[in-house]
Structures are given as structure tokens and as C-alpha cells.
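Visitor: Pasting a structure below so you can have a look.
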Amino acid sequence: MKPRVLFVAYGGGHVAMLLPVMRALRAQWPAVECRLLALTTGYKTAIAAGEQPLGYQDFLHLFDHAAAIAWGERLLGNNSSPDVSREESLAYLGLNYLDLVAQYGEQAAAQRFAAAGRHGFHPLHFMQRVLDELQPAMVVATNSPRSEAAALQAAIERGLPSLGMIDLFGLEGDGYLHRPQPQWTCVLAPAVRERVIAAGFPPDSVVVTGNPAFDGLQSPANQALAQRFLAERGWQGLSPILWAGQFEPPNFSATDTDRSRFARQAEDTLRAFVAARPDLALIVRYHPGEWQFFPRGADSERIHFSEPLAEPIHPLILAARAVVVQNSTVGLEAAIAGKPVVSLEASVSVRQSFSLAALGVSTGCDSFAQLPPLLDRLLAAPAGTPGAYASDGHAADRVAAVIGGALHLPPR
């Protein structure tokens, strides 16, 4: 029997971490079978990468199909995305809700969903049945909550080899540090390893590999795509600014329920700045799971609105001269690529989670009024070089080697 490794990932930067590892694992050990459970927007990303992913809808037969779809219909509402099929959305919502009922009972499940929505999901029973169905030799997931956390927990409870991958900094607020510990944890940099060990993980279980999602920043193919992006828009000679925005956290304010307001104000500030400077251009890019909820401002000769699943992020970072974020992963990627990064420190997402400026990744900006002069200064400086979180482009190979060791595969 070929050893089967089950990878589980949501979309955005999480599935981007796993796809290169799957390719590296196949290259090193062709006998290994890689199966990917790609969730929400991760499914479309995986298809675009040439994979044949599984989704929630592929496991409806293991549960009460009619009840799951009925709950999915009831909960669909705003819990949908143009990048996720209706069938998958119904299965995802319905099966997760049935799992809540199985764990807490009907009344407590209703209260939990009313309070937290999808953020209250933890489909442990679902993942247990998935493992029974697929019989993997190992489970690999990132530090994302809900389905990924449940997949790792189910593997740990069954005594299966398990590997978690922390995408960013391993800060105290990362729920991964407080959940059941997998056999192995792969991290971005030595400073992250120190934090994870301080949180109680055995030192020999935490391996510095780098983040495979960032390997593409060293890719000649992405450099070529960046130049093509500029040429197609006639932006040669211009200095593009990449704005990578996101919603503020849920329940961030007792009075303001518009989670997009801050990001839209930042976009408006940048549009005005670029309009006044004929040597600049602007790329507007919102989070892959949220972009459809932002009003699409008018494109112009020097403003481009990016649809995330149609345009990979790395060519856009490489095409940019500077990058502005709240605390998006894009900021870290841009710093790794040697781009000046500005983080908007007034964002609630920064105050409630982490500051890229405090971590030495970005230059902090405290108000929208400060943003144009700060960008003027950064754009006038020589291009930077990668810093403490730089990668050599081989993180995926190192993670694959950890998987190979966990499965006792012969060295290549």
C-alpha cells in the first residue's frame, strides 16, 4: 500500500502553504499518495494548481445527507462566496452545524452559532469519520482553526503521525499554541520556534523550515509574471503601491458594525495620493475570503483592482515598489521580498492581534494623514533587502523532509 498523507487547508495563505509541500513530497517520494481536503476558497485554488481536492460535499454520504443540506440552506445567507460552489457551501455549513449539535446538543449549538457563527465550528466528529474513510498514514494541516484544528485533533487522538504548520509568528493569541500538540510543528523562523517552545511544545518537535507559501518569492517564473503584469498595464517606469486590505475583526466595535470601513478609508487615501502623483500606480487587493464584500472602485490607467483567485499574490508583490497593509500576511511576504512595508497601526486588527511594526517587519503609520508623506519617504529610499524572516525558496523541501522522517521513508 502506498502511504497516504492527508493535507487539510482553508484558502488564502493556508492552502498556499500546503500545495508546495505536496509537490515536494511527490518529487522526493513518488510512492506517497497525497490527498487534499481543500476548504472554502482553498478548493478553487487547489483546482487551479492542478490538484484533485476533496471538499465537504464528498463526505455527505457519511452523515444524514438530507439533514445536512437542510441546515446548509437555513444558514447559507451571507455565509457564501462567489469562489465557493453553492453545493460545497451547503455541505460545509450543514455538516459543521450537525457536528455542533452532536457535541453540544441542539440548544447549546444554536446559542454557540448565534454568538460566533462559523467561528464556533469545530467539526471533530466529521474529521474522525474522514480519517476512518480515507485511512491516512499521516495528517498535515496549518494552524488555522475549525476544520484544520479538528483534523489535527482527530489524528492525535488516533495516534496517527501529525504535523502542524504555523504560518506566521506564533504569538500568544494563536490558538494553535493552546490546542492538542501534533507530533511535529514547522515554523517560519528561529524566533517563532522559541515562542512555540515557550508555550510548552517539546523542543525536538518544533522545526524551523520557513513558510512554503513564501517560496514563490524566489521564483524566476513569478518575477517574469510581475514584469508581464507591469507591461500589460503600461506601468513600466511607474512605482506601484500594493494595498492589501482586510475586514476588521468580528465584534470590533459596539457602535460601528461596518467591518470594511477602515480598509475603505485606507483605499480612498491611497487613491487620492496616486491621483496626485503621475509617477505612481495602485493595486487594490483585498483578502481572498472578503474581497467580494468591498465596493469595487473604478479602475483607471494607474489603478487596478485585483481579484485574488484570478491573480496570485507573489507576482503582485514583486511588481510593487511599496506595500501597505493592516497586518496581513502580505506584509511579511513583501518584507521577505525586500519591499518597504507600511502597516496601519490604527487598525483594530493590529490592536487586537499583532503589529508588524512591533515585530520588525514594517514601518508603522498611526493615521491616514501620515500615510502619503511616509510613502514619499520610503519610495525615495533605495530598494531594501530581505530581513530576518527571509527564505531561500526551499521551505517546502524541508517540510517534506519532516514528513518523510515521520513516516520513516527512505532518504532520497
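The values are calculated or read from the model by the stated rules, or taken from the named source; none is laboratory data. Since we're looking at a predicted model, the values are computed, not measured. Cβ placement follows ideal geometry from the backbone for every residue including glycine, while neighbour counts extend to all protein chains displayed.
Visitor: Working only within the range 52-76, note down all residues that are over 16 Å from E133 (Cα atoms) and in contact (Cβ under 8 Å) with a residue 60 or more places away in the chain.
Guide: Correct list: empty.
Visitor: Can you tell me which residue in the range 288-330 is nearest to D167 (Cα to Cα), limited to those that are part of a loop (DSSP other than H, G, I, E, B) and touching a Ser or Thr at 6+ places or on another chain (Cβ under 7 Å)?
Guide: In the first step, residues of the range 288-330 are kept if they are part of a loop (DSSP other than H, G, I, E, B); the result is 288-290, 294-299, 301-302, 307-312, 320-321, 326-328.
Checking which are touching a Ser or Thr at 6+ places or on another chain (Cβ under 7 Å) leaves us with 288-289, 294, 309, 321, 326-327.
On the way: P288: 16, G289: 17, F294: 25, L309: 19, R321: 24, Q326: 17, N327: 13 Å.
Among them, the one singled out is N327.
Visitor: Answer yes or no as to whether A115 is within 26 Å of Q352 (Cβ to Cβ), more than 21 Å from the chain's Cα centre (by Cα) and either at pLDDT below 95 or not acidic (D, E) (or both).
Guide: On the way: within 26 Å of Q352 (Cβ to Cβ): yes; more than 21 Å from the chain's Cα centre (by Cα): yes; either at pLDDT below 95 or not acidic (D, E) (or both): yes.
For A115, the condition - within 26 Å of Q352 (Cβ to Cβ), more than 21 Å from the chain's Cα centre (by Cα) and either at pLDDT below 95 or not acidic (D, E) (or both) - is met.
Visitor: Another one. Only residues in the range 116-139 that are assigned to a strand (DSSP E or B) count as the first member; pair them with residues that are surrounded by 20 or more Cβ atoms within 10 Å (Cβ to Cβ), Cβ under 6 angstrom, at least 6 apart or cross-chain, and list the lot.
Guide: Here the result reads M138/V5; M138/P161; V139/L6; V139/A151; V139/A155; V139/S162, each pair linking the range 116-139 to a residue that is surrounded by 20 or more Cβ atoms within 10 Å (Cβ to Cβ).
Visitor: Which of the following residues is under 30 Å from L6 (Cα atoms) and outside the structural domain of L168 (by TED's automatic domain parsing): R412, R351?
Guide: Values: R351 fails: under 30 Å from L6 (Cα atoms).
Just a single option satisfies the conditions, and that option is R412.
Visitor: Taking T257 as the residue in question, decide whether it is of a type in the set (S, T, Y) and assigned to a loop (DSSP other than H, G, I, E, B). Before you say what the answer is, go through the steps one by one.
Guide: On the way: of a type in the set (S, T, Y): yes; assigned to a loop (DSSP other than H, G, I, E, B): yes.
Yes; evaluated as a whole, the condition is true for this residue.
Visitor: Test G297 against the criterion of being more than 25 Å from Y10 (Cβ to Cβ), in contact with a Gly (Cβ under 7 Å, 6 or more places away or on another chain) and in the same structural domain as V350 (by TED's automatic domain parsing), and give yes or no. Write out each step before concluding.
Guide: Working: more than 25 Å from Y10 (Cβ to Cβ): yes; in contact with a Gly (Cβ under 7 Å, 6 or more places away or on another chain): no; in the same structural domain as V350 (by TED's automatic domain parsing): yes.
For G297, the condition - more than 25 Å from Y10 (Cβ to Cβ), in contact with a Gly (Cβ under 7 Å, 6 or more places away or on another chain) and in the same structural domain as V350 (by TED's automatic domain parsing) - is not met.
Visitor: Kindly indicate which of A244, A199, A213 is over 16 Å from the mean Cα position of the chain (by Cα) and not β-branched (V, I, T).
Guide: On the way: A244 fails: over 16 Å from the mean Cα position of the chain (by Cα); A213 fails: over 16 Å from the mean Cα position of the chain (by Cα).
Being over 16 Å from the mean Cα position of the chain (by Cα) and not β-branched (V, I, T) holds for just one of A244, A199, A213, which is A199.
Visitor: In the range 208-228, what count of residues is obtained for those that are small (G, A, S) and without any contact (Cβ under 8 Å) to a residue 24 or more places away in the chain? Give the derivation first.
Guide: Of all residues in the range 208-228, those small (G, A, S) come to 210, 213, 216, 219, 221, 224, 226.
Those left that are additionally without any contact (Cβ under 8 Å) to a residue 24 or more places away in the chain: 221, 224.
Number of matching residues: 2.
Visitor: Also, I was wondering about something else. Failed condition for T209, given (1) surrounded by 19 or more Cβ atoms within 10 Å (Cβ to Cβ); (2) in contact with a Ser or Thr (Cβ under 8 Å, 6 or more places away or on another chain), with all others met?
Guide: (2)
Visitor: Another one. Those residues that are of a type in the set (A, V, I, L, M) and surrounded by fewer than 21 Cβ atoms within 10 Å (Cβ to Cβ), I need them from the range 62-83; list them, please. First the steps, then the outcome.
Guide: Initially, the range 62-83 is screened for residues of a type in the set (A, V, I, L, M), giving 62, 66-70, 75-76.
Within the range 62-83, L62, A66, A67, I69, A70, L75, L76 qualify.
Visitor: Give the residue that is modelled with the lowest pLDDT, with candidates limited to residues of the range 334-355 that are hydrophobic (A, V, I, L, M, F, W, C) and touching a strand residue (DSSP E or B) at 6+ places or on another chain (Cβ under 6 Å).
Guide: A335
Visitor: If you don't mind, there's one more thing I want to ask. Inside the range 178-200, can you point out the residues that are assigned to a loop (DSSP other than H, G, I, E, B) and either crowded, with 23+ Cβ neighbours inside 10 Å or touching a Ser or Thr at 6+ places or on another chain (Cβ under 6 Å) (or both)? Walk me through how you get there before you give the answer.
Guide: At the first step, the residues of the range 178-200 found to be assigned to a loop (DSSP other than H, G, I, E, B) are 179-183, 188-189, 199-200.
Listed by number, the residues that qualify are P182, Q183, L188.
So that you can scan it fast, the table gives a plain yes or no per residue for (1) among the aliphatic types (A, V, I, L, M); (2) out of contact with any strand residue (DSSP E or B) (no Cβ under 8 Å at 6 or more places or on another chain); (3) in a loop (DSSP other than H, G, I, E, B); (4) surrounded by fewer than 20 Cβ atoms within 10 Å (Cβ to Cβ):
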{"residue": "H14", "(1), (2), (3), (4)": "no, no, no, no"}
{"residue": "R26", "(1), (2), (3), (4)": "no, no, no, yes"}
{"residue": "R35", "(1), (2), (3), (4)": "no, no, no, yes"}
{"residue": "T45", "(1), (2), (3), (4)": "no, no, no, no"}
{"residue": "L60", "(1), (2), (3), (4)": "yes, yes, no, yes"}
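Visitor: Do we find that L270 is part of a helix (DSSP H, G or I), assigned by TED's automatic domain parsing to the domain that holds V341, surrounded by 22 or more Cβ atoms within 10 Å (Cβ to Cβ) and touching a residue at least 40 places away in the same chain (Cβ under 8 Å) in this structure? Steps first, answer last, please.
Guide: Numbers: part of a helix (DSSP H, G or I): yes; assigned by TED's automatic domain parsing to the domain that holds V341: yes; surrounded by 22 or more Cβ atoms within 10 Å (Cβ to Cβ): yes; touching a residue at least 40 places away in the same chain (Cβ under 8 Å): yes.
Considered against the rule, which asks whether it is part of a helix (DSSP H, G or I), assigned by TED's automatic domain parsing to the domain that holds V341, surrounded by 22 or more Cβ atoms within 10 Å (Cβ to Cβ) and touching a residue at least 40 places away in the same chain (Cβ under 8 Å), L270 comes out as yes.
Visitor: Let me ask another. If W184 meets every condition in (1) at pLDDT below 95; (2) aromatic (F, W, Y); (3) outside the structural domain of P372 (by TED's automatic domain parsing) apart from one, which number is that one?
Guide: (1)
Visitor: Okay, next question. When you scan the range 38-47, do you find a residue that is without any contact (Cβ under 8 Å) to a residue 40 or more places away in the chain and over 19 Å from G289 (Cα atoms), even just one?
Guide: Quick first cut of the range 38-47, residues without any contact (Cβ under 8 Å) to a residue 40 or more places away in the chain only: 38, 42, 46-47.
Retained after the next criterion (residues that are over 19 Å from G289 (Cα atoms)): none.
Scanning the range 38-47 turns up no residue that is without any contact (Cβ under 8 Å) to a residue 40 or more places away in the chain and over 19 Å from G289 (Cα atoms).
Visitor: Only one of these is farther than 21 Å from L225 by Cα and free of Cβ contacts under 8 Å to residues at least 60 places away in the same chain: R398, R351, R412. Name it. Step through it out loud before you land on a result.
Guide: Working: R398 fails: free of Cβ contacts under 8 Å to residues at least 60 places away in the same chain; R412 fails: free of Cβ contacts under 8 Å to residues at least 60 places away in the same chain.
So the residue among R398, R351, R412 that is farther than 21 Å from L225 by Cα and free of Cβ contacts under 8 Å to residues at least 60 places away in the same chain is R351.
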